[in-house]
Every structure is written in C-alpha cells, then in structure tokens.
Amino acid sequence: MTGPSIAQMVVVATLLGLQELGMLPQHKSGFFCNDPALSYPYLGDTISMAFIICSIIACPLLLILITELVFTDSEQSTRSKVVHSSKKAVWLYRSYAYGLMFNISIIEVMKAVSGIPRPTFFDICEPDTAMTCNGSDFVSTFECTSTRFSTWYQMDSYHSFPSGHTSLSVYCGLFMAWYLQRRAFDWSHRTVFLVPVLQLICITYAVVCSLTRISDHRHHWWDVLTGSVVGIICLVYTVIVLCDNFSYAKEENAEDMNMTASQLTTRTTI
C-alpha cells in the first residue's frame, strides 16, 4: 500500500501545529467546583515531551537502519549492501512515519473534541469561575487567569484525554519490538539473547512513559488507557496494512537458510 505524499504530510503537520497552538476551534468540557481529582499541583514531567519527540523520531530510524545493515547479505559489496539496506530502511521508516502521523492526528482531534481538564487543572489554569462557585456545582464556561504559566500551558490544562505521551510511546516501542521479532529473531543468526533484550528495552520504554503520566498527575488513568488503545490500533494498522507484517524479512531469512542448506549439501557431496 502506498502512503501519503510529502505534500499531504506537510499539510497534516501544519494543521496539527495550528491545533497545538490553539488557533483552531477547541472544546472546554467544564469542571466541578473543588473537584479533588483536578486539584493536584503541577510538578513537571518525569519524561518530557522533548524526549518523547526525539525518541519516536530517531530511535526507530537508527534501529531499522542498523538492523538492515546487519542482516543484509554479507556477500554483497559494501556499497551495494549500504544502498540496499538504506532503501529498505527508508521504505519502512516512511510507513512508520505515516502511522505516527495518523496516531498524532487521532490524539489531537480527540483532545480538541473532549476538552477534559487534567489532574493539575486548577493549579495551571486558575479558572476565573472557580473563585466564585460553591459546593460541587458544575461550571461549564471559564477562562484561565494564571500568571505563572504561559498561554499554551493554560490551554493544555484542559487537554487531558487521551494521553499523547502514552499513545506515541506505545506505538513507537511496540513497533520496534514487533519489527525485531519479524526481522532479526532467526536461529540462523546469533541473536538469541540480544533480540529479546532489545525488545524488553522497547517495551519498558512504552510502559515507563505511560505510567509516569499517572504518577506525575498529568493524566487520569482512563486517559492513559485510551492512549494505549489508540497507540495499539495505529500500530496494528501500520504493521499489517502498510508494512505487510514485515513479510519481506521472513522471505529473506528463508532464502538465507535455503542457501546455507544448499551450501552444506554441496560441501557434503564433494
């Protein structure tokens, strides 16, 4: 299946940027006065968005490129090996990037439509109507008045559902683990120990990034759960539909094993 053109991806990225900057229509779902679930102090992020962005962009590219270089037929010349590996890596990474863009689009739309406050909502936003409401009344309209946080942080205080950190880290971590399983886990290569360790690191990355969103009180548990589901759905779509379940890897491994078997048979006959 052919992914979107570069122009289409640029258009989508531009719309997502406008959405993130609050330049497109967004919904505010409101809150209950004195809601303890929204009264946690903001103490920062254990895993920052900058780290997430860098890891989801750089790690898969490096992993795919290195893996393809290692498992490409060693009998080729160095130049041919690099060219062949790079082409496959670029094709796979393009499919990964398409799925990643699809993932981000879903998350951003859900955040804009739901407008659910974060657990740190009162501390970051300091809504004006929260100062005059009584008891457990529901407040449907409000404006943030905080002078301690920027406009972006105030707007982000009611973008809790679903968790973008979780969705992106789950998508990235499980994609790399799945890719390694299909591409590198072959008894004909000496990776019996290395591959499971790398897969464990990928899965741990996804789990830690997800759980810290709850421990940092940046998301409700249902935000993280929904983000995980979105990430897994996008992952399955990318791997099964766009990457054809990395079927080329199994075909190449089978060809390598057949060639090895033929060589052994020839040597035995001689």
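Exactly one residue out of 92, 38 is of a type outside the set (Phe, Trp, Tyr) and in contact with a strand residue (DSSP E or B) (Cβ under 7 Å, 6 or more places away or on another chain): that is 38. Taking helices (runs of 4 or more DSSP H) as the structural unit, those lying wholly within region 189-270 and holding at least 1 residues that are modelled with pLDDT of 90 or more and under 22 Å from residue 91 (Cβ atoms) correspond to 194-215, 221-236. Within region 30-59, the residues that satisfy the criterion of being surrounded by 13 or more Cβ atoms within 10 Å (Cβ to Cβ) and among the small types (Gly, Ala, Ser) are 30, 37, 39, 55. Scanning region 132-176 for residues that are farther than 17 Å from residue 34 by Cα, surrounded by fewer than 16 Cβ atoms within 10 Å (Cβ to Cβ) and either touching a strand residue (DSSP E or B) at 6+ places or on another chain (Cβ under 6 Å) or charged (D, E, K, R) (or both) yields one hit, 148.
Out of 24, 16, 62, 69, one residue alone is assigned to a helix (DSSP H, G or I) and surrounded by fewer than 15 Cβ atoms within 10 Å (Cβ to Cβ). It is 62.
Being among the basic types (Lys, Arg) and either within 24 Å of the chain's Cα centre (by Cα) or surrounded by 13 or more Cβ atoms within 10 Å (Cβ to Cβ) (or both) is the filter here; which residues of region 72-103 pass it? 81, 87, 88, 94 - these are the residues of region 72-103 that are among the basic types (Lys, Arg) and either within 24 Å of the chain's Cα centre (by Cα) or surrounded by 13 or more Cβ atoms within 10 Å (Cβ to Cβ) (or both).
The values are calculated or read from the model by the stated rules, or taken from the named source; none is laboratory data. What you see is a predicted model, and the numbers here were worked out from it, not measured in a lab. Note that we place each Cβ from the backbone using ideal geometry, even for glycine, and neighbour counts take in every protein chain shown.
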